[in-house]
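The values are calculated or read from the model by the stated rules, or taken from the named source; none is laboratory data. The structure displayed is predicted, hence computed values, not measured ones. Glycine gets a Cβ as well: all are built from the backbone with ideal geometry, and neighbour counts include every protein chain shown. Calculation scope for accessible area: heavy atoms of the full protein, side chains included, ligands and nucleic acids excluded. Shrake-Rupley method; radii C 1.70, N 1.55, O 1.52, S 1.80 Å.
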2 protein chains.
Amino acid sequence: LGLKLLYKSIMLFIFTAMLVVKIGGNIIDNEIALNSFLKDFAKLNGPKILIHGGGKIASALAKTMGIETKMIDGRRITDAETLKLVTMVYGGLINKNIVAQLQAFECNAVGVCGVDGNLLLAQKKEHPSIDFGFIGSIQSVDTTILELFFENNFVPVVAPLTHDKNGNLLNTNADDIASNIAIALSKKYDVTFVYCFEKKGLLLDIENEDSVLSSINISEIEKLKTEGIVTDGMIPKVDNIKFAIESGVQKVILCHASEINNLNNNIGTTFKP
Amino acid sequence: LGLKLLYKSIMLFIFTAMLVVKIGGNIIDNEIALNSFLKDFAKLNGPKILIHGGGKIASALAKTMGIETKMIDGRRITDAETLKLVTMVYGGLINKNIVAQLQAFECNAVGVCGVDGNLLLAQKKEHPSIDFGFIGSIQSVDTTILELFFENNFVPVVAPLTHDKNGNLLNTNADDIASNIAIALSKKYDVTFVYCFEKKGLLLDIENEDSVLSSINISEIEKLKTEGIVTDGMIPKVDNIKFAIESGVQKVILCHASEINNLNNNIGTTFKP
């Protein structure tokens, strides 16, 4: 254990700090909140990467286009038409508008998705009974292009799409993409994975926004589930965070998107190994 | 003149060869022709960049979404809704699908548009009597991100969108983007600008596909216009090519998209200074 800690200390000393930030659909759906978030994100020092989700824009557009939206376990059943739709909305509309706003805030952003530079290779998600369609399950992360961006002061903005190397794009969960990228980058950088959402952190009492648990060791997570403190939609998020830390991510902070400019002031919930 | 030629010879010797390839809407609209073109493009040796147009997909989708398509002088009048549409179609659907196909052909492509890495800065196109809406007129090209891609064997694929640095994207003519990028790159590379379209080159007789003019000096272009050989839709194309050469692009080839794999065999029409 002593040697392990020593090794870790040395590596943290050598490793460059890296911020991996995920923003979800609730912020993307709110134009003012998104712009304010991007203004704060643009100011953060050092190398950083933003991974964004999809939000409700795709569903709204699906309605306009007469495409039926089917969700199972929070995943969008993705037939060929829906894949076109999410490619347009995630890879085009949302991604390029985020980049345009960051550029206006003097942040030299570059919008990519998992197909660009072979960043995220995936396979169609297999399920014994449900056909999810063109949904990707991530197989590997090639961070070459991200490192190139970091070394040259570009800020990558990643849309939730992957590819299968056979010419097909795949609709892929943004949380999965964020944790997989955070894990891959943690081998070369001292990663702080900031998971932004619409609450102030992990709440001991869901009704009380001030009941934020400031810090938690991942070994305590199962207990919180048993006690009913981590429930419903929080379970996949927390499991994703646990997986990220178990896989080597140095630090994870779960916080409200509006607090991203306050990361050093002990905001949100910090997850520790 | 002797010194100028000597300088040019030395620079061509020092400069790396660079292929700047433009494909237009007619190829993009044809799934089989596009895939075949991309297979050929993937095989081309050395650093290269692909700039693509929009095609009829945007208009078809506009119809589905109940957005009216208005074209003046071949430019799409771009209101706020149309801007969203072209951002989705050009920056998302077309761009990411081209990249996915190139990745399948072992070409390490990266899809970007003019906002990414501040590649193409533009202003809203001004016109004394027509309001084109969100149409960009290119102000400057920053090739930093492209050079980074070339140096690291990534192949940029550029969608026809620019930005104004105030957070707005702008719909921008792909021919203008291609010639501006070719000109900017010609300062650092020995550029061959390959302009692919649906004919075999500049035809002396528009009815006869075998009447390709194999080579032309740009000083002869005005004569061809007067003689009625260069007419209609060919005029802006040829003017764009002339402008590119006058601005320093070393060589321009106008050819059929299916001939891209045959560039060394004197195909199409070569434009010379």
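Which condition number does A:Asn264 fail, the rest of (1) in a helix (DSSP H, G or I); (2) buried (at least 18 other Cβ atoms within 10 Å of the Cβ); (3) not charged (D, E, K, R) being met?
All conditions pass for A:Asn264, except number (2).
Only one of A:Ala33, A:Ala42, A:Ala17, A:Ala62 is under 24 Å from B:Ala62 (Cβ atoms) and not hydroxyl-bearing (Ser, Thr, Tyr). Can you tell me which?
It is A:Ala62.
Any residue in region A:211-229 that is part of a helix (DSSP H, G or I) sitting within a Cβ distance under 9 Å of a residue that is among the hydroxyl-bearing types (Ser, Thr, Tyr) and exposed (fewer than 11 other Cβ atoms within 10 Å of the Cβ)? List the pairs, counting only those 6 or more apart or interchain.
Final answer for the pair search is none.
Identify, by number, the condition in (1) surrounded by 14 or more Cβ atoms within 10 Å (Cβ to Cβ); (2) assigned to a loop (DSSP other than H, G, I, E, B) that A:Ala244 doesn't meet.
(2)
Go through (1) more than 19 Å from the chain's Cα centre (by Cα); (2) surrounded by fewer than 24 Cβ atoms within 10 Å (Cβ to Cβ); (3) among the small types (Gly, Ala, Ser); (4) not in a loop (DSSP other than H, G, I, E, B) for B:Gly167 and report which single condition fails.
Tallying (1) more than 19 Å from the chain's Cα centre (by Cα); (2) surrounded by fewer than 24 Cβ atoms within 10 Å (Cβ to Cβ); (3) among the small types (Gly, Ala, Ser); (4) not in a loop (DSSP other than H, G, I, E, B), B:Gly167 fails exactly one: (4).
Only one residue in A:Asp239, A:Asp232, A:Asp190 is surrounded by fewer than 20 Cβ atoms within 10 Å (Cβ to Cβ), of a type in the set (D, E, K, R), assigned to a strand (DSSP E or B) and under 21 Å from the mean Cα position of the chain (by Cα). Which one?
A:Asp190
Looking at region B:117-131, I want the residues that are free of Cβ contacts under 8 Å to residues at least 12 places away in the same chain and have a partner that is polar (S, T, N, Q) and open to solvent by 40 Å² or more (accessible area, probe 1.4 Å) with Cβ atoms under 9 Å, at least 6 apart or on another chain. Which pairs are those?
That search, which allows pairs on different chains as well, returns B:Glu126/B:Ser137.
Which numbered condition trips up A:Asp116, out of (1) facing chain B (nearest Cβ under 10 Å); (2) over 20 Å from B:Gly92 (Cα atoms); (3) of a type outside the set (A, V, I, L, M, F, W, C)?
(2)
Conditions tested, residue by residue: (1) within 11 Å of chain A (Cβ to nearest Cβ); (2) farther than 30 Å from B:Leu44 by Cα.
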residue: B:Thr144; (1), (2): yes, no
residue: B:Leu169; (1), (2): yes, yes
residue: B:Asn180; (1), (2): no, no
residue: B:Glu198; (1), (2): no, no
residue: B:Glu207; (1), (2): no, yes
residue: B:Thr231; (1), (2): no, yes
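Mind checking which residues of region B:149-164 are facing chain A (nearest Cβ under 8 Å) and open to solvent by 40 Å² or more (accessible area, probe 1.4 Å)?
Across region B:149-164, the qualifying residue is only B:Asn152.
Do we have any residue at all in region B:116-135 that's closer than 21 Å to A:Ile57 by Cα and open to solvent by less than 10 Å² (accessible area, probe 1.4 Å)?
no
Looking at A:Leu121, A:Leu161, A:Leu185, which one is out of contact with any helix residue (DSSP H, G or I) (no Cβ under 8 Å at 6 or more places or on another chain) and modelled with pLDDT of 95 or more? Give the steps one after another, and end with the answer.
Working: A:Leu161 fails: out of contact with any helix residue (DSSP H, G or I) (no Cβ under 8 Å at 6 or more places or on another chain); A:Leu185 fails: out of contact with any helix residue (DSSP H, G or I) (no Cβ under 8 Å at 6 or more places or on another chain).
On inspection, the qualifying residue turns out to be A:Leu121.
Is it the case that some residue within region A:3-25 is assigned to a helix (DSSP H, G or I), open to solvent by less than 60 Å² (accessible area, probe 1.4 Å) and modelled with pLDDT of 85 or more?
no
Taking A:Glu222 as meeting all but one of (1) out of contact with any strand residue (DSSP E or B) (no Cβ under 7 Å at 6 or more places or on another chain); (2) open to solvent by less than 70 Å² (accessible area, probe 1.4 Å), write down the number of the exception.
(2)
If I filter region A:30-37 for residues that are out of contact with any Lys or Arg (no Cβ under 7 Å at 6 or more places or on another chain) and open to solvent by 80 Å² or more (accessible area, probe 1.4 Å), do I get at least one hit?
Yes, region A:30-37 has at least one match.
The conditions are (1) over 22 Å from B:Thr144 (Cβ atoms); (2) more than 10 Å from every other protein chain (Cβ to nearest Cβ), and A:Leu121 fails exactly one of them. Which is it?
With (1) over 22 Å from B:Thr144 (Cβ atoms); (2) more than 10 Å from every other protein chain (Cβ to nearest Cβ) applied to A:Leu121, the lone miss is (2).
Every residue in region B:41-82 that is over 16 Å from B:Gly24 (Cα atoms), open to solvent by 10 Å² or more (accessible area, probe 1.4 Å), in a helix (DSSP H, G or I) and more than 10 Å from chain A (Cβ to nearest Cβ), please.
B:Ala42, B:Lys43, B:Ala60, B:Lys63, B:Ala80, B:Glu81
Take region A:122-160 and flag every residue that is farther than 25 Å from A:Ile28 by Cβ, hydrophobic (A, V, I, L, M, F, W, C) and in a loop (DSSP other than H, G, I, E, B).
A:Ile130, the sole residue that qualifies.
Of everything in region B:154-171, what is of a type in the set (S, T, N, Q) and in contact with a Cys (Cβ under 9 Å, 6 or more places away or on another chain)? Give them in sequence order.
Result: B:Thr162, single match.
Identify the residue in region B:94-111 that is in contact (Cβ under 8 Å) with a residue 24 or more places away in the chain and over 16 Å from B:Ile23 (Cβ atoms) and, among all such residues, is farthest from the other protein chains (Cβ to nearest Cβ).
Across region B:94-111, the extreme among qualifying residues is B:Glu106.
Could you list, in sequence order, all residues of region A:247-258 that are open to solvent by 40 Å² or more (accessible area, probe 1.4 Å) and in a helix (DSSP H, G or I)?
Within region A:247-258, just A:Ser258 meets the criteria.
Can you list residue pairs whose Cβ atoms sit under 8 Å apart, with the first residue in region A:17-30 being in contact (Cβ under 8 Å) with a residue 24 or more places away in the chain and the second being open to solvent by 20 Å² or more (accessible area, probe 1.4 Å) and assigned to a strand (DSSP E or B)? Count only pairs 6 or more apart in sequence or on different chains.
Partner pairs satisfying both residue conditions: A:Ala17/A:Tyr189; A:Ala17/A:Asp190; A:Ala17/A:Thr192; A:Met18/A:Tyr189; A:Met18/A:Asp190; A:Met18/A:Thr192; A:Leu19/A:Thr192; A:Val20/A:Thr192.
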